[in-house]
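Peer 1: Sharing a structure, written as structure tokens. Questions coming.
Throughout, read-outs are computed from the coordinates displayed, never taken from laboratory work. Source: prediction; values computed, not measured. We place every Cβ from the backbone using ideal geometry, glycine too, and count neighbours over all the protein chains shown.
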Amino acid sequence: MQLRDLRHQPPRRWNEQLDGVAWLPRLIDKARAALNGTLGTYLYGQSPVDRDFLHTLGVGHREFAQIVAYAPDDRGVVDALLARDSGSMDRARAWTLRCPRAYGAFMRVLDVDDGYARGLGFVKPLSNALSSLVTRLARRAFPKRPAQGITPKW
């Protein structure tokens, strides 16, 4: 299992897939970082994309954080989601197919902000400023701490 310190490196890219599901690896990284106190400027518990994705899985942010906290690795997260709801990953795969249409512009901003979009370095300062503003506003509007009080088993 890889623990990313999101204060120093981005989570996995939005389109990286686990078991045919995009966003899941990124969300696992963000949940682990929230549990570990290394989330940095990323959102976990306030992101509308996270919320939409987790709604598709039929799980809330706090329950997902608990699943991640008890799973030994990414495969353990998938297994726990399937044990909880056998149709969850099929719904998540359908979400994966509509994700680029629904969130395409936002995903391009994420790619620039996270440093995954090469050749667009001149846009990065603007992207970083915009994402920092959005993060501050989201954390103020939705002061959730869905990973607070959960102790990881890893």
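Peer 1: Please tell me the relative contact order of region 15-121 in percent, rounded to the nearest whole number, where contacts are Cα pairs under 8 Å and at least six residues apart.
Peer 2: 23
Peer 1: What length, rounded to one decimal in nm, is gained on full extension from Arg98 through to Thr135, with 0.36 nm per residue of separation minus their alpha-carbon distance? Could the numbers behind the result be given before it?
Peer 2: Working: separation 37, 0.36 × 37 = 13.32 nm, distance 2.44 nm.
So the extension gain works out to 10.9 nm.
Peer 1: Taking a virtual spin label 7 Å from the Cα of Asn128 along the C-beta vector, which residues in region 1-18 bring their backbone nitrogen under 18 Å of it?
Peer 2: In region 1-18, the label zone of Asn128 (backbone N under 18 Å from the point 7 Å along Cα→Cβ) covers 5-11.
Peer 1: With label points built 7 Å along Cα→Cβ from the Cα atoms of His8 and His55, find their separation and express it in nm.
Peer 2: That separation, rounded to one decimal, is 3.7 nm.
Peer 1: What's the FRET efficiency of Asp19 with Glu63 using the Cβ-Cβ distance as r and R₀ = 22 Å, to the nearest 0.05?
Peer 2: 0.75
Peer 1: Quick check on the chain: helices-only [θ] at 222 nm, where DSSP H runs of length 4 and up contribute -39,500 (n - 2.57) each and the sum goes over total residues. Nearest 500, please.
Peer 2: Calculated at 222 nm, the ellipticity per residue is -19000 deg cm²/dmol.
Peer 1: If you don't mind, there's one more thing I want to ask. From the C-alpha gyration tensor of the chain, pull out the three semi-axes of the equivalent ellipsoid (sqrt of 5λ each), sorted largest to smallest, in whole Å.
Peer 2: 24, 18, 14
Peer 1: Given the Cα-Cα distance of Asn36 and Ile150 and 0.36 nm per residue of separation, how much length would full extension add, in nm? Provide the component values of the computation, followed by the final result.
Peer 2: Working: separation 114, 0.36 × 114 = 41.04 nm, distance 0.98 nm.
Computed gain between Asn36 and Ile150 is 40.1 nm.
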